[in-house]
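> Shown below is the structure under consideration.
The values are calculated or read from the model by the stated rules, or taken from the named source; none is laboratory data. The shown structure was predicted, so the numbers you read here are calculated from the model rather than taken from an experiment. Positions of Cβ are generated from backbone atoms using ideal geometry, with glycine treated the same way; all protein chains shown enter the neighbour counts.
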Amino acid sequence: MARAFKEITGNITKLNEPYFAEQRGLWVMMVKENDRWIAINSRDEKKIRDYHGLLETRRTAKTLNITVQPTTLSQEKVKMAEYAFGILGETPAKDIVDAAQLLCQQKVRQQTPMVAEAADLFYEKQSKRQLSEATLRDYRRLVKYLKNEFANKRVGELTSQDITKYIEQPKHPASQRARFIYLQTFVNFCSGKRNAHCSDSPWITSKILQWEPAKTDFHEISAYSYEEIIAVLKAAKSFDVLPYFIFRLFSLMRTDEFHRFTEIHPRVKEHPLVSIESQRITINAQIFKKRSRNEHRGRFYNNVHPTFLAWLKYFDETDASISCTETMDRKVRHSTSIKTDCRNLLRHTAITYHCLAFKNPLQTAYIAGNSVGIIQNHYLNMNVPEADALKLYELTPQKAKELGIL
């Protein structure tokens, strides 16, 4: 690394032109600072002549009583700055700096990708994760809406007002909250979170998302009463899909999870994830697809309750199919005309009855694959009598025959 010249800070009274000293092989410049001569040496002619020009400028400025400030700008850039400042005339210096910063920010925004391109990159990343088909379907819908809404905009041009207006397009608060949740993931992606395409420069800041959900009125969580469960099971028997409804009521599985469960094998007999001998149902990562990067996510239904175990043995002995299409599921529930407006009613009922019957919400949450907080806020119906919950777990195949279900 080249050695820096000695800094001359005093009063320069004499400055000689640089000359080449052949004996030493150096360029030498003599400077008289505060009546004391100083020798400046360098092997680089250009470097020492540039320094001579700087010292000469300082000496002249001192003579004219002008202050000279050091700068990293080239002479050409200094002239451009002076020209620009002259054009702006009476404009305060701070306003000039703010305008320059705004111009730089605008140039950065213009370099960000189009919203449609960013949405495609976002979905490509999400599709590589271990997500359920329902979640991916919601992300596909988000991408479609983003492309339609912001077809001609770049990501960096989006504003908080744009985002808020987009979220509040649906009128129902639940739809707005759902759109907000998925859009938040997209905004985080564009702000650089696990986004290899951003490099070191995020496309936007996450602060652009300023929407707050409105407070909603409390509503009762829907669940079947015990009498309604019996009516639905009788209807299921008439449509020859009773095993599906029994399994859903006792296994606590989600609809999508159970469909993946039956895709592996449609019967209890020889199902690789059902062990009657060990009294266990395994809900592995292939079934339990949640938003997680862990490779071994899953859960078990250990020590299956004797009533559920009796049904598993019955389905094993009768070689009954436990599968059911969504269309048939809906057809059975609508045939009873009981609470047909709630599509997640079976899972609500299953979790409510298990929680009330065994009074162990942590165990219920583990079997159901969610948390105690989610159960309390979204699944548990406290209007169901505890006696009804206990009666469900006494509904063995033998009891079902007595009630006319079998």
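> Which count do you get for residues in the stretch 153-183 that are touching a residue at least 24 places away in the same chain (Cβ under 8 Å) and farther than 14 Å from E212 by Cβ?
The qualifying residues number 10.
> Let me ask something else about it. Name the residue that is nearest to E227 (Cα to Cα), counting only residues in the stretch 329-370 that are part of a loop (DSSP other than H, G, I, E, B) and at pLDDT 90 or above.
Among residues in the stretch 329-370 that are part of a loop (DSSP other than H, G, I, E, B) and at pLDDT 90 or above, the one nearest to E227 (Cα to Cα) is K359.
> Now for a separate question. Evaluate the stretch 240-250: report whether one residue or more is more than 30 Å from N383 (Cα to Cα), of a type outside the set (V, I, T) and not assigned by TED's automatic domain parsing to the domain that holds Y123.
Checking the stretch 240-250: at least one residue is more than 30 Å from N383 (Cα to Cα), of a type outside the set (V, I, T) and not assigned by TED's automatic domain parsing to the domain that holds Y123.
> If you go through the stretch 211-239, how many residues are closer than 22 Å to L390 by Cα and either touching a strand residue (DSSP E or B) at 6+ places or on another chain (Cβ under 9 Å) or modelled with pLDDT under 85 (or both)?
Of the residues in the stretch 211-239, 1 are closer than 22 Å to L390 by Cα and either touching a strand residue (DSSP E or B) at 6+ places or on another chain (Cβ under 9 Å) or modelled with pLDDT under 85 (or both).
> Which numbered condition trips up A178, out of (1) assigned by TED's automatic domain parsing to the domain that holds N284; (2) surrounded by fewer than 18 Cβ atoms within 10 Å (Cβ to Cβ); (3) under 26 Å from the mean Cα position of the chain (by Cα)?
(1)
> Moving on to the next point. Can you pull out the residues in the stretch 1-28 that are closer than 11 Å to L55 by Cα, surrounded by 15 or more Cβ atoms within 10 Å (Cβ to Cβ) and more than 60 Å from the chain's Cα centre (by Cα)?
Listed by number, the residues that qualify are I12, L15.
> Taking the stretch 287-304 as the search range and keeping residues that are of a type in the set (S, T, N, Q) and at pLDDT below 80, which one is farthest from H259 (Cα to Cα)?
N294
> Go through the stretch 251-270 residue by residue and tally those that are touching a helix residue (DSSP H, G or I) at 6+ places or on another chain (Cβ under 6 Å) and closer than 19 Å to E317 by Cβ.
The total comes to 2.
> So which residues in the stretch 126-175 are among the small types (G, A, S) and within 14 Å of the chain's Cα centre (by Cα), if there are any at all?
If the condition is that a residue be among the small types (G, A, S) and within 14 Å of the chain's Cα centre (by Cα), then S127 is the only one that fits.
> To continue, here is another question. Name the residue that is farthest from N302 (Cα to Cα), counting only residues in the stretch 384-402 that are surrounded by fewer than 16 Cβ atoms within 10 Å (Cβ to Cβ) and in contact with a Ser or Thr (Cβ under 9 Å, 6 or more places away or on another chain).
Filtering first and then ranking leaves P385.
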